[in-house]
Amino acid sequence: MTSDALRRALTDPGDPPVLPLPGVAAELLAALDAPPRLAAHLRLVHDVARQLTVAFADRFPLVPFDRQAVLFGAAIHDLGKVEHPGELSGPGSAHEEAGYQLLLRFGVPEERARFAVTHAAWHAPGVQLEDLLVSLADKVWKGKRVTDLEELVVDRLADITGQPAWQAFLDLDDVLAGLAAGADHRLAFQAEHPVHG
């Protein structure tokens, strides 16, 4: 049974409005009786990922990426914090493998479950552009800019488009600066929802 606090975190419209999570992500959170703060966080990162993918497709139309994979990854990337709630308010990485295993147990295919791990493993072999975009959304939602992560994305963009890295950086920087500008509202929204239901 979903707690009232979790239900609010999943349905509160927000101001400015925050998109609801995709059905499968909301169902997983309800089934696991997830902490309300986690549901709010996943909604915010998913919402930023939506904005990021729209802007990305506009700025880099020649760069192929799986938008639905990015949105799904953003919606579930921290699911393992259900088992490690201390990592909602403090550091830790135990939630990464825990989230991956949880998703597999719930029948999520490995190619989608991977985001539970890859959102924090930017330099791992085989990391794809979609993984990096989930990581960007997970940082910029709160206004945080991470140079080495952004450099990885810029390098991919320059390789794919053939444009100079400086131009790819300027375009990406413009997108991320616009997204970071809404961080205060997002942080306030997340803080409205308790860590414990």
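The values are calculated or read from the model by the stated rules, or taken from the named source; none is laboratory data. Everything quoted here is computed from the prediction, not taken from an experiment. Cβ sites come from the backbone with ideal geometry, for glycine too, and all protein chains shown count toward neighbours. The accessibility values were calculated without ligands, DNA or RNA, using every heavy atom of the protein model including side chains. Shrake-Rupley method; radii C 1.70, N 1.55, O 1.52, S 1.80 Å.
Take the conditions (1) under 30 Å from Gly162 (Cβ atoms); (2) among the basic types (Lys, Arg); (3) crowded, with 17+ Cβ neighbours inside 10 Å; Arg59 misses just one of them, which is (3). Within the stretch 120-138, the set of residues being open to solvent by 40 Å² or more (accessible area, probe 1.4 Å) and within 15 Å of the chain's Cα centre (by Cα) comprises Ala120, Trp122, Gln128. In the stretch 82-96, is there at least one residue being of a type in the set (Val, Ile, Thr), open to solvent by 10 Å² or more (accessible area, probe 1.4 Å), over 19 Å from Ala168 (Cα atoms) and in contact with a helix residue (DSSP H, G or I) (Cβ under 8 Å, 6 or more places away or on another chain)? The answer is yes, given that some residue of the stretch 82-96 is of a type in the set (Val, Ile, Thr), open to solvent by 10 Å² or more (accessible area, probe 1.4 Å), over 19 Å from Ala168 (Cα atoms) and in contact with a helix residue (DSSP H, G or I) (Cβ under 8 Å, 6 or more places away or on another chain).
Beta carbons closer than 7 Å, at least 6 apart along the sequence or on distinct chains, pair a first residue in the stretch 180-197 that is under 17 Å from Leu38 (Cβ atoms) with a second that is open to solvent by 80 Å² or more (accessible area, probe 1.4 Å) and assigned to a loop (DSSP other than H, G, I, E, B) for Arg186/Lys142; Leu187/Lys142; Val195/Ser89; Gly197/Asp33. In the stretch 6-18, the residues that are in a helix (DSSP H, G or I) form Cβ pairs under 9 Å with partners that are open to solvent by 100 Å² or more (accessible area, probe 1.4 Å) and of a type outside the set (S, T, N, Q), at six or more places apart or across chains, as follows: Arg8/Glu192; Ala9/Glu192. As a summary of the residue check, Leu52 satisfies the conditions (1) under 19 Å from Pro109 (Cβ atoms); (2) in contact (Cβ under 8 Å) with a residue 60 or more places away in the chain; (3) part of a helix (DSSP H, G or I) except for the one numbered (1).
With respect to Val70, is the statement that it is within 16 Å of the chain's Cα centre (by Cα) and of a type in the set (A, V, I, L, M) true? Yes, satisfied. Checked against the criterion of being touching a residue at least 60 places away in the same chain (Cβ under 8 Å), part of a helix (DSSP H, G or I) and crowded, with 19+ Cβ neighbours inside 10 Å, the stretch 157-167 has at least one qualifying residue. With respect to the conditions (1) open to solvent by 30 Å² or more (accessible area, probe 1.4 Å); (2) within 23 Å of Gly143 (Cβ to Cβ); (3) in a helix (DSSP H, G or I), Ala40 falls short on a single one, namely (1).
Being under 27 Å from Thr11 (Cα atoms), more than 15 Å from the chain's Cα centre (by Cα), modelled with pLDDT of 95 or more and among the acidic types (Asp, Glu) is the requirement here; does Asp184 meet it?
On the way: under 27 Å from Thr11 (Cα atoms): yes; more than 15 Å from the chain's Cα centre (by Cα): yes; modelled with pLDDT of 95 or more: yes; among the acidic types (Asp, Glu): yes.
When the stated conditions are applied, Asp184 passes them.
Looking across the stretch 174-197, the residues that are open to solvent by 50 Å² or more (accessible area, probe 1.4 Å) and among the charged types (D, E, K, R) come down to Asp174, Asp184, Glu192.
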